[in-house]
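Presented below is the structure to which this report refers.
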Amino acid sequence: MNKIWLGILGVGVLLVIMFFGTYNSLVKKSTVIDGQWAQVETQYQRRFDLVPNLVSSTKGFLEQEKTIFEEIANARTQYGGARSVDEKVAGASALDSALSRLLVIVENYPNLKSNETVARLMDELSGTENRISVERRRFNEFVADYNLTIKRIPTVFVAGLFGFGQRPYFEAVAGAENPPSVDL
């Protein structure tokens, strides 16, 4: 009789250890996703810090392209006022679109393209865009791992019990696959 109780107690202890291990794993994965999103935001902040310099450097050459500069300013304001990840993604995507058009314009103005300040800022912006792309990819990898984990048995039960739901991926906005067109 004592062996049966010890066996039941052993199984119970094993289940409790498994339960806490699963919970701690979910907390860790969720925290990693939050940390990775902070990395994405850090790169966005770098971009937003560079954009005013690029805009002011190009304004003299592109006085007739005021709408582009207004769109960039509006996108920065939208991102700055965003409270959720989805709102920040929308603000970042709006800036992506405006910057793409600005880059096409810069490519079409030989004097502007040869300006050393603009060229240096363009290189910085290009490097920042690459960093953003890498951080977005990493974010999506962590989200994929987390989302897969919370769907597996027995983790699905612990996840449901403590409210660990699916996390959204960073996705491109509709139309992002089309290159911007600028008619000069």
### Query
What are the ³J(HN,Hα) values, in whole Hz, obtained from phi via the Karplus relation 6.51 cos²θ - 1.76 cosθ + 1.60 with θ = phi - 60°, for each residue of region 41-52 in sequence order, with x given for Gly and Pro?
5, 4, 5, 4, 4, 4, 4, 5, 6, 7, 4, x
#### Entry: FRET efficiency, L14 to L148 (Cβ-Cβ, R0 35 Å, nearest 0.05)
0.90
### Summary
For region 130-137, Karplus-derived ³J(HN,Hα) couplings (6.51, -1.76, 1.60; θ = phi - 60°; whole Hz; x for glycine and proline) come out as 5, 4, 4, 4, 5, 5, 5, 4
#### Entry: When region 22-162 is reduced to its Cα atoms, the Kirkwood hydrodynamic radius in Å
17.0
### Query
Using 1/(1 + (r/R0)^6) with R0 = 45 angstrom and r between the beta carbons of S84 and N2, what's the FRET efficiency to the nearest 0.05?
0.20
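Rule-based calculations on the coordinates, nothing more; no lab input. Bear in mind that the values here come from a model prediction, so they are computed numbers and not experimental data. Quick reminder, even Gly has a Cβ in these numbers, built from the backbone with ideal geometry, and neighbours come from all protein chains shown.
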